[in-house]
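This report concerns only the one structure given below.
The values are calculated or read from the model by the stated rules, or taken from the named source; none is laboratory data. Source: prediction; values computed, not measured. Neighbour counts are summed over all protein chains in view; Cβ atoms, including those assigned to glycine, are modelled from backbone coordinates with ideal geometry.
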């Protein structure tokens with residue numbers, strides 16, 4: 001579905017709002033703000049609704065066929081507009097009519113000591129001359145190459161205008177933190193997890209995905225470049241993924257959880273956080289590999305595929321997960337979970353030296369409310385667990401809610 005603003009002659013700028021049916025409310029609010037700024041200006045605002053059914057190249061082709069403007073910019077409702085977003089871009093178009101690209105700053109999050117807040121010029125949000133986009137799209141039609149539209153169009157940009165103003169701001173509301181241990185079949189696991197985020201529709205709802213890579217070759221620049229290239233190939237043409245590389249220190253998940261804790265401590269507002277890791281990577285090639293794969297499939301099904309159920313429950317609890325166990329200390333077995341940042345910031349930033357300490361960390365606060373969304377009732381290191389035992393419909397889940405006060409837990 002496409003919605004267009006009032007048709008005007010000699011349109012200079014076309015703005016596309018990407019959306020999905022689930023995000024229609026936020027997208028319509030973005031449309032209203034853009035149309036208000038576009039009033040009496042040579043600007044049109046378009047909305048493309050069926051994003052999940054089209055590849056990025058198909059979306060670009062649709063946009064090029066619809067857009068009447070000489071320049072084209074795209075945006076989605078994850079971003080906040082500056083009051084002079086349209087006016088600033090139009091001024092640059094009038095001053096530099098032959099420019100190939102108009103680049104401006106996008107501000108992310110808050111002032112941060114850990115790099116969570118920063119300014120950048122993400123290529124997929126910049127304003128491009130329509131002629132340049134058409135030129136780059138011809139390579140797809142002629143079968144010359146098939147790389148993503150952003151990489152392709154950059155190759156045709158010769159005259160770029162740099163605007164130092166911040167025209168967009170992005171504040172995280174829903175994020176994912178991933179811990180990746182770079183051994184054995186790590187890439188296979190990461191591909192599956194990112195793919196599942198995308199196929200479930202959760203990727204589209206994520207403002208950021210923070211990935212912490214632990215590798216023994218952190219000082220090998222070429223190796224690090226190879227890692228970044230492999231992972232960036234999994235991402236869409238956007239700014240969702242943020243990656244950091246850490247040396248192997250045998251601290252297991254601790255560095256990622258401490259990074260997550262710092263994020264929560266710095267955040268000025270509550271953020272809903274999914275945490276997962278490359279569970280099973282150390283069991284690759286062992287007799288329990290298939291058992292652990294079943295276990296991970298269970299956690300991913302509940303927490304990713306049924307993310308709407310998880311997000312709903314986060315409105316009334318601090319955390320939710322799968323296979324809650326009270327011993328040796330309260331924890332979600334497997335250590336995949338959803339939690340609110342306002343709760344996580346209350347946890348101790350230091351995680352004990354015991355092997356299981358990272359798994360016990362989330363529910364370690366003396367006071368909390370949490371829910372177990374599903375319990376398999378099996379030891380996943382000792383036996384298989386068929387996917388047939390996992391409810392398909394969210395209505396078939398029966399979460400158990402717990403309240404913790406000191407050592408007392410009521411459920």
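If we keep just the residues of the range 382-394 that are exposed (fewer than 11 other Cβ atoms within 10 Å of the Cβ) and part of a loop (DSSP other than H, G, I, E, B), which is nearest to the chain's Cα centre (by Cα)?
Of everything passing the filter in the range 382-394, 393 is nearest to the chain's Cα centre (by Cα).
With modelled with pLDDT under 90, surrounded by fewer than 15 Cβ atoms within 10 Å (Cβ to Cβ) and within 30 Å of residue 285 (Cα to Cα) as the only criterion, which of 225, 188 stands out? Break it down into steps so the answer makes sense when it comes.
Values: 188 fails: modelled with pLDDT under 90.
Sole residue among the options that is modelled with pLDDT under 90, surrounded by fewer than 15 Cβ atoms within 10 Å (Cβ to Cβ) and within 30 Å of residue 285 (Cα to Cα): 225.
Given the structure, is residue 285 buried (at least 19 other Cβ atoms within 10 Å of the Cβ) and in a loop (DSSP other than H, G, I, E, B)? Give the derivation first.
On the way: buried (at least 19 other Cβ atoms within 10 Å of the Cβ): no; in a loop (DSSP other than H, G, I, E, B): yes.
When the stated conditions are applied, residue 285 does not pass them.
Can you pull out the residues in the range 354-377 that are modelled with pLDDT under 95 and either in contact with a helix residue (DSSP H, G or I) (Cβ under 7 Å, 6 or more places away or on another chain) or surrounded by 11 or more Cβ atoms within 10 Å (Cβ to Cβ) (or both)?
Of everything in the range 354-377, those that are modelled with pLDDT under 95 and either in contact with a helix residue (DSSP H, G or I) (Cβ under 7 Å, 6 or more places away or on another chain) or surrounded by 11 or more Cβ atoms within 10 Å (Cβ to Cβ) (or both) turn out to be 354, 356.
Please return the ranges of helices (runs of 4 or more DSSP H) entirely within the range 1-101 where 3 or more residues are at pLDDT 90 or above and in the same structural domain as residue 122 (by TED's automatic domain parsing). Quick ask: steps written out before the conclusion?
Numbers: elements: 24-38, 56-66, 85-95.
Answer list for the range 1-101: 24-38, 85-95.
Among the residues of the range 181-212, count how many are within 20 Å of the chain's Cα centre (by Cα) and under 22 Å from residue 289 (Cβ atoms).
Selection size over the range 181-212: 12.
Just the residues that are touching a residue at least 40 places away in the same chain (Cβ under 8 Å) and touching a strand residue (DSSP E or B) at 6+ places or on another chain (Cβ under 9 Å), please, taken from the range 188-205.
189, 190, 193, 194, 197, 202, 204, 205
Which of (1) closer than 28 Å to residue 227 by Cα; (2) modelled with pLDDT of 95 or more; (3) loosely packed, with under 14 Cβ neighbours inside 10 Å is the odd one out, the single condition residue 151 does not satisfy?
(2)
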